[in-house]
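Q: Once you've had a glance at the structure underneath, I'll fire off some questions.
The values are calculated or read from the model by the stated rules, or taken from the named source; none is laboratory data. Bear in mind the structure is a predicted one, so any value in this text is a computation, not a measurement. Neighbour counts run over all protein chains shown; Cβ positions are idealised from the backbone, glycine included. The area values use the complete protein model at the heavy-atom level, side chains included, leaving out ligands, DNA and RNA. Shrake-Rupley method; radii C 1.70, N 1.55, O 1.52, S 1.80 Å.
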Amino acid sequence: MLRRQAGGTSDSRKRSDNGVEGRAGQRAEAAGTERRSLSKSPKRTAPASAAAARGGALHLAALLLVVFGLQAAGLFLFKEGYLVTRLVLTTTGQCPASPPWLDAAVATGSAGASAGSDATGSTPASRSAEAASSAACWPRARFSKLLFVLIDAMRFDFMSYNASVPMDQTPHYINKMPRLDKRLRTRPAHALLFRGLADAPTTTLQRLMALTTGSLPTLVDAGSNFGGKAIGEDNLIAHMQRRGRSVVAVGDDTWEGLFPALNASYAYPSFVVWDLHSVDRAVMSHLFPILEHGAAQRQQQRAGGSVNTDGGVAPSGNSTLDWSMLIAHFLGVDHAGHRYGPDHPAMGDKLAELDAVVDRALDLIDDDTLVVVLGDHGMDVKGDHGGDSDNELDAGLFLYSKTRPLTDAVGGRDPTIGGSDDDGLSSAVDDEDLAAVFRRKVIAGIDALGIDGASHPFGLWEGHRTATQIDLVPTLSMLMGLPTPFGSLGTIIPELFFVQSEYAPGDIPGDSTSRSKRADVADASGKPQASASVSAAPAAAESPDAGGRQKPGRRAALSALASWLWPKIAIGEAGRPVRMASPLETLVGAMRANAAQIHTYVAEYSKRRGDAAAAFAGTQKLFDAAEAAFQRLAVGGVRIGKGRPGKSDGAASGGVDSNDGSFDEAHADAEPDESSSVDELVDVYLQYMRYTRTTLVMARKIWARFDTVLIVMGCTVIVLGIGAAVGVWLAATRADGPLPSLGMLAASFAGGSLVGLPGVVRRVAYPDEDPVTLIMKTHHEMVFFGAVAVLVAMVVSVVRAARRTTTKKTEAAPACIAWSGTTGVVLFALYVCCAGSDSFTIYEDHVVHHFVQAYAVVTALRAMMQVADTRLRRGIVARMAGVFVLARGVHASSICRGDQGYCTPSFNASGESSVTAPHAVVMLGAAITAAVWLFVGVLRRRARLAGLARDVGLTVLPVGLFLSFVYWLLNTVEEHDPAMPEDLANVKYVVARLFWLLMIPGAAGYVLRNPACVDVPRAPLLERVLAAASRLAGRAPAGSAGLGATPAESYLCLVAIVYANLAVFQKPMGGVIMALAFMQMLLVLETMDLLVAAARDELARGRLKTDADGATETAGGGDRDGADLGGVDLTGVQVLHTAVLLLIGQKAFFGTGHQNALSSVQYETGFVGLTDVDWVLSPTFVGLNTFGGPMLAGVAAPLVALWLLGGARSSSASASSSAPSSVAGGSGDRGGTRAAATSLLLYFGCVSATEMVSATAFSAWFQKHSQSWRVWGPKFLFYDIGHVAAFAAAAVVLAVAAVLEQ
């Protein structure tokens, strides 16, 4: 039922000359007059009117949900066809059984794979079988253990040492690891440092996937960084475990999620970015006891005793202590970067600490252990990562071996390089340094390859050797004697294979020794034996002593004799001579095995995906050319040492007898028939290198298999959805006819879905594609045809309703507002088209800023030219000046993308820091004070500051913002003063929780539980959710303390509460920007009020010209404030300011420290009020921080229509007007509910959806552009997620309103 509101008297109809302020009482009285008129209407009773209004609002709200569902369907289809995917093959990789010199003819496309083997489904029995056959791997294992130290976000320049930088000019992250540098300088053959180039996205989970599988994770995988699932493809750890080797991980819990079957795991949360030390200390507490146990074990073995397991040392057999691969993942550097940035004392302290940790670990390892110290990615100048800037991709990579040289490429002479006049070398080639050969021919040759599309050089970059991170996978696999994971696209790091390699007797052509008895077979404990061969030892072999060790005396003598007789004959562990290959021969052999593995994978992948076969056709030619060159070299005779296999019988002719392997002195002085030149070997290597690197570059381009048909289907649904939304919006605002029936739409979707069942589109578009590997599935077609059917039904229904009903007659808009519609369309169309330019997209923060300022300038100029009333003209110009100045303030806060050439970051304390500047907190206090002052002023001018308006404006909002200010003040002090007392630092958590208690449930509940002007009976939850907009109308309590006649002021109070709740999750500078954006919205609302007043004034002046009798009475202009705008079309004003609201929200997104890049995500905001990670709240808080600006604009969207609704009604004519303004949306419910719903439909269904189509369509159009994933892909992701988040925020606000009111 309707309640009469007291306080309406005839005196309140007196006009005032105070502009907007003087009309507050008039609107309040007009509401009472209108309600009395409606209650006395003989055509519709009050309960019937309320029910009809509620029903119409429910229907319109339901249609809004349908439109959003159609958008979601379109995005789903587009995402399925656009976001990069690759077919994961579960095939298990195998390794070659012998050196490629002995098996030159490789079965193209079939070698190196065990088709159909599952990468993770091995059983203990199968693992034992594989362990028994591990002797098939070539090259031979050089290490039996791997210590994998991963320092999260360890950038290359953190790890390198630059002595030329003066101490007083050294940043905090430079020259903090001197112990590492000392090993690089003093032991160059045992310690190597590379730029370990990562692939985007530079998020931890994706980098770990790449480091273990050798594959290229895709951009869409970045979303799983907070919760990845177990790896289902072949990987390095799976091969370790299949061979009975124990893998232990300590540190980041991401390892446990990816590899749940680890032998032992000590996992710690990785998301607590404010904690620099807890995880690192926990890692050290496990790492050093494990390494010290091994050192103690070796020491006691040398002493002839056993390991004492007392004092915390576990007995033998413990999977943690008997490890073959030990992973230690430190997080302190990454957390220091996120919290402070790289150039901060905390970063220097952390790097120095880890330098000591690594140095101590290197002292504790044994001779059989290879150490890898690396960063999974780098960090940008602010300490963040996720994108593809050079600083984010440039990680450090350090390798170390205690006693065994890693390479011959750093010094020494190769005694096997024999020169001739035609080999391209001087006659002094025998004395040429190996390092010079490697540098001048191998590395220089890699640099000279000039592979098109490579983002970074594969040889040297700024004077340092480079290696892509996935190169580690085949490199470590071969060094550990393991098969390379089947899907690896990495290339072996050449330094690690530029060594002399030992050919076991079974590797020599004609040798009768069984290859099943090779030395690298694992023993029962899973540890490789040390001998080079376990074949029957000749008489010269020495038997082991009582302690199980071989006596070194005779072996040393034999080695010396063999070296004197034949430089490339060595004595193996079994006491027999074995033949050695030169470093170049070893490198070429390993490179061919690497290329064959990649070729096998590409061939298998191309069988599953037809489009991949065409894309990799060019690389097939490169592989064939490399194979042909290798065949020529092999057939012509491959030199092993100074000999080579004989061409006549294939037997060994280099000093080893083909029957028993004994040393053949008769051949000791034999010269080879011909020698393969260095240049020929290097040429073959470089041809294989060209193939592997070209394949990698091609995979980066086509890995994202775009399904064009799905992309077109998705864009079609979104575009048609906009058309349907426009039709429903026009029908709701301009006609009284029925809207599309929900039942009809549901039936249309069901019928359309059935059309997609047969899979017609798939059969037509992909007639030859394997259905198993096809991206498009049945459910895609069902969604598409169902969505199209709904869209067609909506359009047909709207058109029929328009023909059957009479469209409302509207009066032409006065000149002072007639320009607004065209200006709004042009302004927003320009913004939409900007996504078609990479430059405009990169500098979108600047573009949006200029559009907001353009709105302010155009509106002010129009007011100066077309608004006759001086007070109104000055009011509009003053408010537009405020919008302009506030836009400059918002633009003053920025962070920079890596590809923005002209940009000065100002969001943080410095461009190389994530720490808040102290002055930002001062600015925050001033900004929230100004926001509260302006909010209260708007309420004063719009209505009387009493009741709810007084409580929200003077109590709820100031208290909430003050608590937010205190929290960030304490947080900033803690950032700048690490010695801050812990008790004082913990106060901020109390403040944050107090904020939650007061602002979220308390304030919202207080706002929504004020007495309503319309009694709404209890209804089911769904109806209450859909009717939320209706129950927001008329929040003022009965009596003279109300807010006024319209729900606009009440909803503004709710928007203010939402602003406060969003602002608390912004860092201080972000809080400043949110306050400025909120003030911009308030000024825009007041500008609309003044434009409506100007239109009313212009109508009154026009009527004066046609009414000569009333000229004297209205000469003073008193009746101009009371002119009726009910029949005037205000659509243009609504469109313009809805578009401007979206632009303000977008600019707030950039001003709060974000860009369309993953590296701009502020993970530390996930701990506002939390002392530990919460996997529900923390990601939610990060989302509120990232999309706070768009969410505030989306929640405020109904204010545009509600504000116009209140301003369009005059105090003198609203009670009797039968033709309300077009924004009211219909009669009978006072327009508030319907106007709010139509405003949301305009914002989300038309305006924001148009920009979403732009971001989506241009990202599809430029899918093959070189900047696709740098520019348009992130734009698509961030804007579309922001659109969904804004709609979700509006829905949540309305749902909470509906639930709490009951």
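Q: What's the extension gain from R187 to A802 if we count 0.36 nm per residue and subtract their Cα-Cα distance?
A: Extra length available between R187 and A802 comes to 212.9 nm.
Q: Still on this structure: Packing-wise, with mean Cβ within 10 Å as the measure, how do 749-760, 912-923 rank, highest first?
A: For the peptides 749-760, 912-923, the packing ranking is 912-923, 749-760.
Q: What is the distance, in nm, between label points placed 7 Å from the Cα along the Cα-to-Cβ direction at A436 and at H456?
A: Taking the simple label geometry, A436 and H456 are separated by 3.1 nm.
Q: Let me ask another. Of all the accessible heavy-atom surface of segment 927-1000, with the other protein chains kept in place and a 1.4 Å probe, what percent is carbon and sulfur?
A: With neighbouring chains kept in place, the figure for segment 927-1000 is 68 percent.
Q: Run the numbers for W996 and D359: contour at 0.36 nm per residue of separation, minus the present Cα-Cα distance, in nm.
A: Net length gain for the segment: 224.6 nm.
Q: Going 7 Å from the Cα of S910 along its beta-carbon direction, which residues of segment 373-388 have the amide nitrogen within less than 13 Å of the resulting point?
A: What the label zone holds, given the 13 Å backbone N cut-off, is 381-383.
Q: Let me know the whole percent of all Cα-Cα pairs from segment 234-301 that are separated by more than 17 Å.
A: Of all Cα-Cα distances in segment 234-301, 54 percent exceed 17 Å.
Q: Which of the peptides 169-181, 350-362 is most tightly packed, and how do the rest follow, going by the mean number of other Cβ atoms within 10 Å of each residue?
A: For the peptides 169-181, 350-362, the packing ranking is 350-362, 169-181.
Q: Place a label point 7 angstrom from the Cα of D390 along the Cα-to-Cβ direction, then list the residues of segment 878-906 whose backbone nitrogen is under 16 Å away.
A: Residues 897-903 qualify, since their backbone N sits under 16 Å from the label point.
Q: What percentages, rounded to whole numbers, describe P(r) for segment 812-874 computed over all alpha carbon pairs with 10 Å bin width beginning at zero?
A: Values per bin, smallest distances first: 20, 41, 25, 13, 2.
Q: Rank-order 819-827, 692-700, 1237-1245, 1182-1190 by packing density, defined as the average count of other C-beta atoms within 10 Å over each peptide's residues, highest first.
A: 1237-1245, 1182-1190, 692-700, 819-827
Q: What distance in nm lies between label points placed 7 Å from Cα along the C-beta direction at Q301 and L954?
A: In this crude label model, Q301 to L954 measures out at 8.3 nm.
Q: Work out how much length L449 to L757 would gain on full extension: take 0.36 nm times their residue separation and subtract the Cα-Cα distance, in nm to one decimal. Provide the component values of the computation, followed by the final result.
A: Numbers: separation 308, 0.36 × 308 = 110.88 nm, distance 5.09 nm.
Contour length minus the Cα-Cα distance gives 105.8 nm.
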